[in-house]
Amino acid sequence: RIPPNERRRVNRERLRKALLRGVAEHVRWGRRLTGVELLDGNGDGIDGDGDVRAVFADGSSVDGRLLVGAEGSNSQTRRFLVPDTFRNYQLPVRLVGAAIDLRPDEAQPLRDIDPLLFQGCHPVTGNFLWISMLETPDTNGSAGTPDAHYRIQVIVSWPVRDPEADEVPDGDAARVAEMQRRAADFHPLLRNVVDAIPPTASVMEIALQDWPCQQWDSRGGRVTLVGDAAHAMTMYRGEAANHGILDAYILARRIEEVYAGGKARAEAIVEYEEEMRERAAPAVLLSRQACLDAHDYHGLNENSAVLKRRAITTK
């Protein structure tokens, strides 16, 4: 159980709309980065030591002072910076998930356990179950109607012990059946939720991969990384988004110092990267261990990475 405190379930699409306020006209959707080019300085920039060009799959390109790779764990910007070691580490765990709608009376036993999120490991099989509330009747507009419902996210993950039998099957129906098979030994309250997933449900597999933040040359402060591009981690400690937000905040502060005239661009980017690596690299490895610990019920204790206290300090 998550210790009681003030928590908020953030809807990704609504958060995106909020973050677009004031900058929406500058956002270009549907671009896929395919190349990065370093340009000679022409004296019109902050340091006069060169620009950078982002090249996209549609043939278009954009020139700028700084390219920030924020395109996730399969970042092309990361591939440019560390071409020999850009690949993610694949953990020996598989994960699939689906969303279902439950009536308020069906959802209440789950909310009695925790109104937002709970998770747990079966002590014999090592199969891991996540239950979280995506929407309530109030947030999805169904409150007070005959169709009032909660939208519930159901995730099942398991350790890979057999390279064939433990792989995720193809097709939604087969994946639903696999989720139900792995939930067969859970308490009926939990098993019934998984059994309620219809075979027509869309089931997504999430690859459990990570990438401990490595050293790279920012090319004079022209190219850097944030978020999963810089430090992809599994979700078993719930830290990735926190680090991504801190990346953006601290990088913005360093850029402000450059424009204020108190710091060179290259120096500012190096300072951002040093703080980010010191903070995020250990978090990646803790999250990796948490993923492994989560599927070993008898190895779980107060010192396990999945339970270990989260502590982030910033300068």
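The values are calculated or read from the model by the stated rules, or taken from the named source; none is laboratory data. Being a predicted model, the structure only gives us computed values, none of them experimental. Neighbour counts run over all protein chains shown; Cβ positions are idealised from the backbone, glycine included. These area figures cover heavy atoms from the full protein model, side chains too; ligands, DNA and RNA do not enter into them. Shrake-Rupley method; radii C 1.70, N 1.55, O 1.52, S 1.80 Å.
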Take the Cβ-Cβ distance between E274 and D84 as r, set R0 to 25 Å, and report the resulting FRET efficiency rounded to the nearest 0.05.
-> 0.70
Alpha-carbon centroids, the range 184-253 and the range 70-95: separation in whole Å | 12 Å
Grab the other residues whose beta carbon is less than 15 angstrom from that of T136, score K and R as +1, D and E as -1, and report the net.
-> -1
What figure in square angstrom, to the nearest 10, would you give for the accessible area of E267 with a 1.4 Å probe?
-> 90 Å²
Note down the nm distance, to one decimal, between modelled labels 7 Å out along Cα→Cβ at D58 and at N242.
-> 3.8 nm
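Working from the alpha-carbon coordinates of the range 111-196, get Rg over Rh, Rh being the Kirkwood radius.
1.04
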Would you mind telling me the share, in percent, of accessible area of the range 85-160 contributed by carbon and sulfur at probe 1.4 angstrom?
-> 54 percent
The FRET efficiency for E302 and L39, from their Cβ-Cβ distance with R0 = 51 Å and rounded to 0.05, is 0.45
Full extension from L285 to I206: what is 0.36 nm times the residue separation minus their Cα-Cα distance, to one decimal in nm?
-> 26.6 nm
Carbon + sulfur, % of accessible area of the range 163-211 - ligands and nucleic acids excluded, 1.4 Å | 54 percent
Quick one: ranking Y259, Y236, Y89 by accessible area, 1.4 Å probe, largest first, what do you get?
-> Y259, Y89, Y236
Of all DSSP beta bridges in the chain, antiparallel share, percent nearest 5 | 90 percent
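Report, as a whole number in µm² per second, the diffusion coefficient that Stokes-Einstein gives for the chain at 4 °C and 1.567 mPa s using the Kirkwood radius over alpha carbon pairs.
59 µm²/s
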Semi-axes a, b, c in Å (a largest) for the range 178-220, each sqrt of 5 times a Cα gyration tensor eigenvalue, come to 41, 13, 8
Normalised per residue, the volume inside the convex hull of the alpha-carbon atoms of the range 181-315 in Å³ amounts to 146 Å³
For the chain, dividing by residue count, accessible area per residue (probe 1.4 Å) in Å² works out to 55 Å²
For the chain, size of Cβ-based charge dipole, Lys and Arg +1, Asp and Glu -1, in debye = 520 debye
Environment charge of F86, counting only residues whose C-beta is closer than 11 Å and scoring Lys/Arg +1, Asp/Glu -1 = +2
